[in-house]
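The values are calculated or read from the model by the stated rules, or taken from the named source; none is laboratory data. Note that the coordinates shown come from a computational prediction; the quantities given were computed from them, not determined experimentally. Here the Cβ positions follow ideal geometry from the backbone for every residue, glycine too, while neighbour counts run over all protein chains shown. Ligands, DNA and RNA are stripped out before the accessible areas are found, and what is left, the full protein with its side chains, is counted by its heavy atoms. Shrake-Rupley method; radii C 1.70, N 1.55, O 1.52, S 1.80 Å.
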Amino acid sequence: MKEISAERLEIQQKIKEKIRTENSIVKQKPLAFVETYGCALNENDSEKLCGMLEDMGYGFCDRADAADLVIFNTCAVRENAELKVLGNLGKLKPVKKERPDLLIGVCGCMMQQAHIKEQIQKKYKHIDMVFGTHALYKFPEILDSARMGQKVFSTEDSEGEIAEGLSVKRESFPLAKVSVMFGCNNFCSYCIVPYVRGRERSRSPENILAEVSALAKEGFKEVMLLGQNVNSYGNDLAGDGTSFAQLLKDVAKIDGIERIRFMTSHPKDISDELIDAIASEPKVCKQLHLPVQSGSDKVLHDMNRKYTRSEYLSKVEAVRKKVPDIVLSTDIIVGFPTETNEDFEDTISLLREVRFDTVYSFIYSPRVGTPAAKMPMALDEKEIHQNFEKMLSVQNEISREKNEAYPGSIQKVLVEGLSKTNPEFVTGRTDGGKIVNMKGNEELTGEIVEARITDCKTWSLTGEIIQR
Ligand code: SAH
Ligand code: SF4
Ligand code: F3S
């Protein structure tokens, strides 16, 4: 297992102290605006950036044009995510012209791609710092150079050794995200992640347990263990042998942590041991996100997903047998190059067969350098959009019907805070991860309450608190 050495982290620590001193003598604390695009792993990376910024004496604001420092932490998984970043970077051009002191940085997955790096270098000259996912731990050094007027392009730094002990600034109390592994070895033919995040690297169990124990001491109630293929955890750890199921059980022993979730699981690595851990360990939530991508064997093969439709269905059956009340969700790609209308109908029939609670669906987006990007398209854009719409309407009905089973039931809900739309309501989640809105005040945040479910919508439930 490769970790960044204490000496290299110590250098960053010293630079943080230097910047902190510089910031302490200016009249007004400089403000940073950090915006995240992409998945929960990226959000966790941003929490680390913000942790480092806080250590360096920065305050925070929620608008780019009010900030002294802007950081975009980017995602490369689909074109629309990239276009949004480029659009927002473009908008900063006049702001930088007006305020040349403004520092602008872009980091994250997009910056691990050579063609994007080039594009930024050529066309976005107002950017001060470009750094990839592997250089995250070096942010203090990068920022220090930029503060001294140097442009920084730091995108290649090792294969991504793990940096332990970075500060993390979490805004998500009582929930905490904990990345337990990084990277992906699967090379699904459409996906950019293995190219921008590198090979699978698991953190050591001791480091993970120490982080979760510290979170429990701070009062956090729920942890979300994160990895691109979180259930492949430990496959790369030499010697130790802790499996993901074992890790779940070890995390569950930590007092104060009431709930454990995890994301994302690859169907090929759903083991009986993992299913047993979900079934037997009360703190492990009865929720599983298991991306299937397609219901057609031909498309699954072309996607290099390494399972067939029937293998996937058997996994779902095995899970439901031992955990009958499991809340299941999945990801679907519509319009993969070799997908015909017939293949698409196989996906529809799979949705009807499994009846997922929630489906996250995406229109296929070609990614530079992936094998699928070179495949000819079977369907045109119009047909793909029609299929996409059809899928949404089929699934929305199923999601709605799934939620209709809840009114009348009593659910344990961990309150996450005030509702964003109605200040008289709080919002929280059931063990299975269903959102519940209930009348209540902010003081309930972090408590697990019993609620009677009174009503349901397609995406959420309404309830009344019957016991604190
Ligand atoms: N590691 C996870 C998820 C990775 S990305 C997994 O294997 O399932 C999250 C989702 O984005 C994927 O599940 C997939 O549905 C979608 N996705 C990835 N690449 C895509 C692409 N090129 N076009 C459209 N959707 C894509
Ligand atoms: Fe991408 Fe496949 Fe890896 Fe998921 S498993 S991150 S979809 S390559
Ligand atoms: Fe996007 Fe990178 Fe996550 S490509 S989905 S932010 S790992």
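Please work out the FRET efficiency for the pair Ser145 and Arg99, using the Cβ-Cβ distance as r and a Förster radius of 22 Å; give the result to the nearest 0.05. Mind showing how you got there, number by number?
On the way: r = 20 Å, r/R0 = 0.89.
Calculated value: 0.65.
How many angstrom separate the Cα center of region 372-424 from the Cα center of region 285-299?
Region 372-424 and region 285-299 have Cα centres separated by 14 Å.
On a C-alpha basis, how far is the centre of region 211-241 from the centre of region 98-173 in Å? Whole number, if you could?
Centre-to-centre (Cα) distance: 26 Å.
Using Cα-Cα distances under 8 Å and only pairs 6 or more residues apart, what relative contact order does region 251-373 have, in percent? It would help to have the intermediate numbers written out before the result.
On the way: 162 pairs, mean separation 30.8, N = 123.
Computed over region 251-373, the figure is 25 percent.
Work out how much length Glu383 to Ser409 would gain on full extension: take 0.36 nm times their residue separation and subtract the Cα-Cα distance, in nm to one decimal. Each step should come with its number before you reach the end.
On the way: separation 26, 0.36 × 26 = 9.36 nm, distance 4.14 nm.
Length gained, Glu383 through Ser409: 5.2 nm.
Go ahead and run the numbers for FRET between Asn304 and Asp240, Cβ-Cβ distance against an R0 of 25 Å, rounding to 0.05.
The formula returns an efficiency of 0.30 here.
Computed over the Cα atoms of region 172-262, what is the ratio Rg over Rh, Rh following Kirkwood? If you can, show how the numbers build up before the last one.
Working: Rg = 13.7 Å, Rh = 13.6 Å.
That ratio is 1.01, to two decimals.
Please label the shape of region 315-424 as rounded, prolate or oblate, based on the square roots a ≥ b ≥ c of the eigenvalues of the alpha-carbon gyration tensor (a/c under 1.5 means rounded; beyond that, a/b larger than b/c means prolate, else oblate).
Values: a/c = 2.26, a/b = 1.77, b/c = 1.27.
The shape class here is prolate.
Beyond 16 Å, what share of the Cα-Cα pairs of region 278-374 is found? Please give it as a whole percent.
The proportion of pairs with Cα distances above 16 Å equals 58 percent.
I need the fraction of alpha carbon pairs in the chain separated by more than 45 Å, rounded to a whole percent. Each step should come with its number before you reach the end.
Working: 12619 of 109278 pairs.
Of the Cα pairs, 12 percent sit more than 45 Å apart.
Counting only protein heavy atoms and using a 1.4 Å probe, what share of the accessible area of the chain belongs to carbon plus sulfur, as a whole percent?
Roughly 50 percent, rounded to a whole number.
Among 388-395, 221-228, 184-191, what's the highest-first ranking by average C-beta atoms within 10 angstrom per residue?
221-228, 184-191, 388-395
Go through the cysteines of the chain and tell me which have no other cysteine Cβ under 4.7 Å away.
Unpaired cysteines in the chain: Cys39, Cys50, Cys61, Cys75, Cys107, Cys109, Cys184, Cys285, Cys456.
What distance in nm separates the simple spin-label points at Asp276 and Lys457, each placed 7 Å from Cα in the Cβ direction?
With each label point 7 Å from Cα toward Cβ, the separation is 4.2 nm.
So what does the Cα-only Debye profile of region 2-161 read at q = 0.09, 0.15, 0.20 Å⁻¹, as log10 I(q)/I(0), no solvent term?
Ignoring solvent entirely, the Cα scatterers give -0.27, -0.77, -1.44.
Decide, for region 410-467, between rounded, prolate and oblate: order the square roots of the alpha carbon gyration tensor eigenvalues as a ≥ b ≥ c, take rounded if a/c falls under 1.5, and otherwise choose prolate if a/b is larger than b/c, else oblate.
Rounded shape, in that the Cα axes give a/c under 1.5.
In terms of Cα to Cα distance under 25 Å, which lysines are near enough to Lys2, apart from those fewer than 8 places away along the same chain?
Reachable lysines: Lys14, Lys16, Lys48, Lys138, Lys169, Lys177, Lys249.
Evaluate the charge dipole of region 46-178 about its Cα centre and quote only its size in Debye, nearest 20, assuming +1 on the Cβ of each Lys and Arg and -1 on the Cβ of each Asp and Glu.
660
For the pair Gln13/Phe362, report the inter-label distance in nm, with labels modelled 7 Å from Cα in the Cβ direction.
Simple spin-label model gives 3.8 nm for this pair.
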